[in-house]
Amino acid sequence: MAINSVKGTHDIIGSEAMGYQYIENVFKAVCELYGYQPLVTPILEHTEVFTRATGEASDVVRKEMYTFLDKGGRSLSLRPEGTAGAIRCLVEHKLAATNDLPLKYYYFGPVFRYERPQLGRYRQFIQAGIEAVGEDSPYLDAEAIVIAMRTLDFLGFRDLKVKVNSLGDQNSREAYREALRDYFRPHLADMCADCRERFELNPLRMLDCKVPADIELGKLAPKISDYLSEEAEKRFYKTLSLLNALGIEYEVDPGLVRGLDYYGQVVFEVHAKSASGVDYGALLGGGHYDGMLSDFGGDKSIDHGVGFAMGVERLYSILQEGGQLDGVDPGLDIYLMPLGEEALPDCFELAEQIRGLGYTVSLPYQKMKMGAMFKRAERAKAKFALIVGENEIALGEVQVKNLESKEQFPVKIEELEQTLDSLFGEEEEHHHE
Ligand code: AMP
């Protein structure tokens, strides 16, 4: 019987993987523009890293985590998100003691959630994210949004919808939780089991419920904006004014709460539809958080962070459909064509020499008909064919064929480097026009 990939996982193959790498490279380049460095933490962590950091009550941790006992009887989990592991790492290595604050890191890698797979939702997917930790500043909060927007802009996204909200400081949220409980209490019996639990643990999450009737109820619930302390309100306006100054458009969505207990001050999400109107869900989500460092034994006095995580599959799907990834697979520079068995060993060596010059080369590994080789060259998106037969070997030449213009001419082996440099030099200029 055939063995297929695990439900909710997916393979990323060849030119598709080039698209993913391109997204990673753009993200990395943008993060580095802002002085963020890469952080690679294990996919596998002690389960406690996540239960501690996100609170036992978050849906992700409670219901969606891949948790198991290893052979030594330890409870381990595949990471369901990037922040907890990053904070665990920063505290474990005491990075705050030996580095200037804020600590600024970015990451790119797989995360795992046992969710029901559907369009834009996988069980293994890739998140690209940043964390800026150890300083409490609206500038830093705004910068996180700016980094996300610059990445998306660079990738070619247009018509983005940026939603922001403030969850205020602890006092604001305490007052708001009470207001929400007062509002939901009379309806509680009709609400879903999760919401009844959220009512006790953190009623803010009731606004994140996916059950239609509960969403309707949530729409008329009190808004956090009416419960922000004066200080929290000022802080929010400061963050917004920084976004205004940089020309970043957003809409304040008073219903945006996001799931984690740690979130406070600004939270945000970015949405986009594909060219044909498909909605894959939020492209990214993030916000400011307080209190996570000390939960890992870190310093209480610097216990602040801000970050976001974007779903790379969703970015890929939209970019792919919009044609923004069309040029990502550059194709081969050269497809080398040995005419007949005798030319094969010479071609094998010649290919190596040309690769040494920095050109990408592929060739058949056995005798093949001319027509078949041209088909292969075309599928490999080769720009030039170098044809080598008995005649050419005797004359110390190769035939160079431009596969676009079909122009063909002989070149002496000793002049090949110069010829290729000038051919590809022209190509380059062509690209830059
Ligand atoms: P979250 O950590 O839940 O805030 O998610 C951050 C981003 O990851 C979302 O905005 C999505 O783009 C992406 N994402 C979340 N869950 C999934 C999933 N199951 N499959 C694919 N992408 C996801």
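The values are calculated or read from the model by the stated rules, or taken from the named source; none is laboratory data. If you're wondering where the values come from, they're calculated on a predicted model, not measured in any experiment. Every residue, glycine among them, receives a Cβ derived from its backbone with ideal geometry; neighbour counts consider all protein chains shown.
Before moving on, here are some points about what is shown:
- Residues considered: Glu135, Glu143, Glu92. Of these, the only one that is closer than 14 Å to Thr41 by Cα, more than 14 Å from the chain's Cα centre (by Cα) and more than 13 Å from the ligand (Cβ to nearest atom) is Glu92.
- Residue list for region 262-281, restricted to those being of a type outside the set (Ser, Thr, Tyr), within 13 Å of the ligand (Cβ to nearest atom), assigned to a strand (DSSP E or B) and under 18 Å from Val252 (Cα atoms): Val267, Phe268, Glu269, Val270, His271
- Close contacts from region 108-128, counting a first residue that is at positive phi and a second that is more than 7 Å from the ligand (Cβ to nearest atom), with Cβ to Cβ under 6 Å and a gap of 6+ residues or different chains, come to Gly120/Tyr280.
- Residue within region 135-146 that is in contact with a Leu (Cβ under 8 Å, 6 or more places away or on another chain) and either part of a loop (DSSP other than H, G, I, E, B) or among the aromatic types (Phe, Trp, Tyr) (or both) present: yes
- Subset of region 226-249 that is over 17 Å from Val162 (Cα atoms) and without any contact (Cβ under 8 Å) to a residue 60 or more places away in the chain - its residue that is farthest from the ligand (Cβ to nearest atom): Glu230
- Options Arg258, Arg196, Arg205; residue that is among the charged types (D, E, K, R) and either touching a Pro at 6+ places or on another chain (Cβ under 6 Å) or assigned to a loop (DSSP other than H, G, I, E, B) (or both): Arg258
- Just one of the numbered conditions (1) of a type in the set (A, V, I, L, M); (2) within 16 Å of the ligand (Cβ to nearest atom); (3) over 27 Å from Phe125 (Cβ atoms) is not true of Val252: (2).
- Some residue of region 105-115 being within 17 Å of Tyr20 (Cα to Cα) and within 8 Å of the ligand (Cβ to nearest atom): yes
- Selected residue (criterion: nearest to Asn202 (Cα to Cα)) from residues of region 159-178 that are touching a residue at least 40 places away in the same chain (Cβ under 8 Å) and either basic (Lys, Arg) or assigned to a loop (DSSP other than H, G, I, E, B) (or both): Arg173
- When region 25-46 is filtered for residues that are of a type outside the set (A, V, I, L, M) and in contact with a helix residue (DSSP H, G or I) (Cβ under 9 Å, 6 or more places away or on another chain), the ones remaining, listed by number, are Phe27, Cys31, Tyr34, Tyr36, Gln37, Pro38, Thr41, Pro42, Glu45, His46.
- Condition check for Tyr335: of a type in the set (Phe, Trp, Tyr), more than 10 Å from the ligand (Cβ to nearest atom) and over 29 Å from Ala96 (Cβ atoms): yes
- Checklist (1) part of a helix (DSSP H, G or I); (2) within 24 Å of Val60 (Cα to Cα); (3) under 32 Å from the mean Cα position of the chain (by Cα); (4) of a type in the set (Gly, Ala, Ser) applied to Ala213, failing item: (3)
- Qualifying residue in region 28-43 (condition: within 14 Å of the chain's Cα centre (by Cα) and crowded, with 22+ Cβ neighbours inside 10 Å): yes
- Filter pass, Leu180 being within 15 Å of Gly307 (Cα to Cα), touching a Leu at 6+ places or on another chain (Cβ under 8 Å) and buried (at least 18 other Cβ atoms within 10 Å of the Cβ): no
- Of residues in region 100-135 being of a type in the set (Asp, Glu) and surrounded by fewer than 19 Cβ atoms within 10 Å (Cβ to Cβ), the one modelled with the lowest pLDDT: Glu115
- Selection count where residues are more than 18 Å from the chain's Cα centre (by Cα) and either aliphatic (A, V, I, L, M) or over 20 Å from Ala128 (Cα atoms) (or both), scope region 152-172: 10
- Residue match in region 286-308 (condition: surrounded by fewer than 21 Cβ atoms within 10 Å (Cβ to Cβ), of a type outside the set (A, V, I, L, M, F, W, C), more than 8 Å from the ligand (Cβ to nearest atom) and part of a strand (DSSP E or B)): yes
- Verdict on Glu342 being within 16 Å of the ligand (Cβ to nearest atom) and out of contact with any Ser or Thr (no Cβ under 6 Å at 6 or more places or on another chain): no
- Of the numbered criteria (1) closer than 22 Å to Ser5 by Cα; (2) within 11 Å of the ligand (Cβ to nearest atom), the one Ala128 fails is (1).
- Residue within region 48-68 that is under 16 Å from Gly307 (Cα atoms) and surrounded by 18 or more Cβ atoms within 10 Å (Cβ to Cβ) present: yes
- Residue in region 1-13 that is farthest from Leu119 (Cα to Cα), counting only those that are loosely packed, with under 13 Cβ neighbours inside 10 Å and in contact (Cβ under 8 Å) with a residue 60 or more places away in the chain: Val6
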